[in-house]
Amino acid sequence: MVTTISSRRTSSAGDYCIFQFGHNDAKFSHLAADTGYTDNLRTFIDEVRSFGATPIIVTPLAGNTWNSDKTAYDDTMLSYADACKKSQPKSNV
């Protein structure tokens, strides 16, 4: 699990860094959408900017599964997509 990109610096001024998280993060309770996952988003945004690059967050792909009565799909990644969207105004991404 990557928690920082500083040691893997490959970005520099004028670059764009596109990142997407979600389905693997959802496997870990400490990376819940509204806690650790959001903290990691902020960390990556700050680190990319410290290199002079522009961060771009891509919301996770939908994780569709049938609901309990098999009448509709539940998007299991919706809370992670919402976390991405909520981070945008705070981080100006």
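The values are calculated or read from the model by the stated rules, or taken from the named source; none is laboratory data. Given the structure is predicted, the values throughout are model-derived calculations rather than measurements. Here Cβ is always computed from backbone atoms with ideal geometry, including for glycine, and neighbour counts include all displayed protein chains. Ligands, DNA and RNA are stripped out before the accessible areas are found, and what is left, the full protein with its side chains, is counted by its heavy atoms. Shrake-Rupley method; radii C 1.70, N 1.55, O 1.52, S 1.80 Å.
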Review point. For the chain, what is the percent of antiparallel DSSP beta bridges, rounded to the nearest 5?
Key: 40 percent
Check your understanding: Could you give the angle, 0 to 90 degrees to the nearest 10, between helix 78-91's Cα long axis and the longest principal axis of the Cα atoms of the chain?
Key -> 30 degrees
Exercise for review: With runs of 4+ DSSP H residues as the only contributors, calculate the mean residue ellipticity of the chain at 222 nm using -39,500 (n - 2.57) per run, divided by the residue total and rounded to the nearest 500.
Suggested key: -10000 deg cm²/dmol
Practice item. Taking each pair of different alpha-carbon atoms in the chain once, compute 1/r for the pair, average those values, and report the inverse of that mean as the Kirkwood hydrodynamic radius in Å to one decimal. Key: 14.1 Å
Study note, to complete from the structure: Charge tally for neighbours of Ser91 with beta carbon under 14 Å away, counting Lys, Arg as +1 and Asp, Glu as -1, is +2
Point to revise | Whole-percent carbon and sulfur share, accessible surface of the chain, 1.4 Å | key: 52 percent
Exercise for review: Using a 1.4 angstrom probe, figure out how much accessible area the chain has per residue, in square angstrom, rounded to the nearest whole.
Suggested key: 66 Å²
